[in-house]
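A short write-up of the structure that comes next.
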Amino acid sequence: MIYGKNKRKVLLKTLTGDKSFFMTDTKILGILGGGQLGRMSALAAARLGIPVIIFCPEVDCPASYVVRETIYASYDDLTALEKFSEKVDFISYEFENIPVETIDYLEKLKPGSVRPGRQLLDVSQDRIREKSYLNSLGIETAQWAAFEGLEALEKTLHSWAAKAFVAKTVRFGYDGKGQIFCSAQGIANNPDFQDFLMRHDGQALIIEEAVDFSDEVSVIIARDINGKTALYGPMLNEHKHHILHRTTVPAPFPPALASNAFSMAEKLAEGVGLVGVLTLELFVTKDGRLLANEIAPRTHNSGHWTIDACSVSQFEQHVRTVCGLPVGSSARHSDAEMLNLIGDDILKTPDYMAQENACLHLYGKHEARAGRKMGHVTFIKPLSD
Ligand code: AMP
């Protein structure tokens, strides 16, 4: 019994370099949000012996099936948040629409425990703040402007010499929701654009030039409390109906493009003082430039392949960094192609189960609605690079 305990201590000491973490009482990680990202972080935490408590408004959420406890309450329920903060040692989140006020309240209750911190969340919740912040760091984006009426829009499009543009809601857009592509010609008489404006009346909108891109890519960066980083990617991402369909690694890009994408992510991570994981989505233009499109203050669908093709996945990096442990290596031991299982794709499960190199992940969602991410499958093969 005593021998067993000591042996564990020695092992963990060598593993982490942190003598205190695993040798004192069990540390508990609290995660706001109970979707599949929370579920996969909780599974990674379990592998490290770290229990997770989820805070989530939706009963039966995917993460709830794999965690020690789920507190079902809304993000503005102060009593429930207090109870949550008393039960956990570290607090993180798994999606970007957690109210910043919730983070502020938890940070007040448990100073220093919420990771990543509020700035990253705040910036990624608002497309105007996001683009302004990226540009302030010298990270290039598509040309953009706040929507301030048709007349101003026409002038802006003229000054950009843009053929087409994208209008997006500043907040709460995802997977192509709350956005419209339009030709720059005749916008005052474009019925679809008029309809979009009516449907989003009263909401702040952003206008972006429609980028003529050849590819969409992403990079994921993990950064620990000592500022040490680990990077994944760049990943090549293909979308169907604005939802990620396939991610391929390695992506067929020259090394200069990869190092450019990495340095953008590093700049951003340093800028916000990241402790945790963030994702930067980028366009590769037809003339070979990289433009940042969106920040996710969290693990990302384009990083799911890391579970099966790396020793340390994006989810383990998330758990490690927010719990104050060192980042691990992001080295890939296999090439990978990840396919999302969306809606009825779940019916293909038996086929994937029969394939030798297919690593299947299902999220435990009961209803396969159209557009709903039900799971993913990663095909791995020996390294090519
Ligand atoms: P987003 O919600 O900003 O990630 O946009 C969803 C998808 O719309 C992206 O993955 C792109 O395929 C497309 N998209 C968004 N913004 C632009 C843009 N400025 N130019 C061209 N395509 C865009």
Of all residues making up region 301-318, the number that are surrounded by fewer than 24 Cβ atoms within 10 Å (Cβ to Cβ), in a loop (DSSP other than H, G, I, E, B) and either in contact with a helix residue (DSSP H, G or I) (Cβ under 9 Å, 6 or more places away or on another chain) or not polar (S, T, N, Q) (or both): 1
Residue within region 257-279 that is touching a residue at least 24 places away in the same chain (Cβ under 8 Å), within 14 Å of the ligand (Cβ to nearest atom) and either outside the structural domain of LEU325 (by TED's automatic domain parsing) or closer than 16 Å to ILE139 by Cα (or both) present: yes
Pick from region 376-385, criterion free of Cβ contacts under 8 Å to residues at least 60 places away in the same chain and surrounded by 15 or more Cβ atoms within 10 Å (Cβ to Cβ), ranking: farthest from the chain's Cα centre (by Cα): PHE379
Selection status of ILE295, assigned to a helix (DSSP H, G or I) and of a type outside the set (Phe, Trp, Tyr): no
Which listed residue, of GLY173, GLY138, is assigned to a loop (DSSP other than H, G, I, E, B) and within 11 Å of the ligand (Cβ to nearest atom): GLY173
Test: ILE180 is over 19 Å from the mean Cα position of the chain (by Cα), within 16 Å of the ligand (Cβ to nearest atom) and β-branched (Val, Ile, Thr): yes
Members of region 51-66 found to be surrounded by 24 or more Cβ atoms within 10 Å (Cβ to Cβ) and touching a strand residue (DSSP E or B) at 6+ places or on another chain (Cβ under 7 Å), listed by number: VAL52, ILE54, PHE55, CYS56, ALA63
Set SER85, SER92, SER74: member being open to solvent by 50 Å² or more (accessible area, probe 1.4 Å), away from the ligand (no atom under 16 Å from the Cβ), among the small types (Gly, Ala, Ser) and not assigned by TED's automatic domain parsing to the domain that holds GLY276: SER74
Number of the condition not met by ALA162 [criteria: (1) touching a strand residue (DSSP E or B) at 6+ places or on another chain (Cβ under 6 Å); (2) of a type in the set (A, V, I, L, M, F, W, C); (3) buried (at least 20 other Cβ atoms within 10 Å of the Cβ)]: (3)
Residue that is nearest to PRO252 (Cα to Cα), among those in region 350-372 that are touching a Lys or Arg at 6+ places or on another chain (Cβ under 8 Å) and open to solvent by less than 50 Å² (accessible area, probe 1.4 Å): TYR363
Residue in region 101-113 that is over 30 Å from VAL88 (Cβ atoms) and more than 16 Å from the ligand (Cβ to nearest atom) present: no
Residue match in region 156-164 (condition: within 13 Å of the ligand (Cβ to nearest atom), of a type outside the set (S, T, N, Q), touching a Cys at 6+ places or on another chain (Cβ under 8 Å) and farther than 25 Å from ALA269 by Cα): yes
Test: residue in region 317-324 that is closer than 30 Å to GLY30 by Cα and free of Cβ contacts under 8 Å to residues at least 24 places away in the same chain: no
Test: ALA331 is crowded, with 20+ Cβ neighbours inside 10 Å, more than 30 Å from PRO111 (Cα to Cα) and in contact (Cβ under 8 Å) with a residue 12 or more places away in the chain: no
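For every residue, the table says whether it meets (1) part of a helix (DSSP H, G or I); (2) modelled with pLDDT of 95 or more; (3) not acidic (Asp, Glu).
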{"site": "LEU12", "(1), (2), (3)": "yes, no, yes"}
{"site": "ASP18", "(1), (2), (3)": "no, no, no"}
{"site": "LYS27", "(1), (2), (3)": "no, no, yes"}
{"site": "ILE31", "(1), (2), (3)": "no, yes, yes"}
{"site": "LEU37", "(1), (2), (3)": "yes, yes, yes"}
{"site": "ALA42", "(1), (2), (3)": "yes, yes, yes"}
{"site": "SER64", "(1), (2), (3)": "yes, yes, yes"}
{"site": "THR79", "(1), (2), (3)": "yes, yes, yes"}
{"site": "PHE84", "(1), (2), (3)": "yes, yes, yes"}
Residue that is surrounded by the most Cβ atoms within 10 Å (Cβ to Cβ) [pool: residues in region 334-349 that are in a helix (DSSP H, G or I) and of a type outside the set (Ser, Thr, Tyr)]: ASP345
Subset of region 55-82 [touching a residue at least 40 places away in the same chain (Cβ under 8 Å) and in contact with a Gly (Cβ under 7 Å, 6 or more places away or on another chain)]: PRO62, TYR65
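The values are calculated or read from the model by the stated rules, or taken from the named source; none is laboratory data. These numbers were taken from a predicted model, which means no experiment stands behind them. Methodologically, a virtual Cβ is constructed for each residue, glycine included, from the backbone with ideal geometry; neighbour enumeration extends over all protein chains shown. For the accessible areas, the whole protein counts, side chains as well, though only heavy atoms, and no ligand, DNA or RNA atoms are used. Shrake-Rupley method; radii C 1.70, N 1.55, O 1.52, S 1.80 Å.
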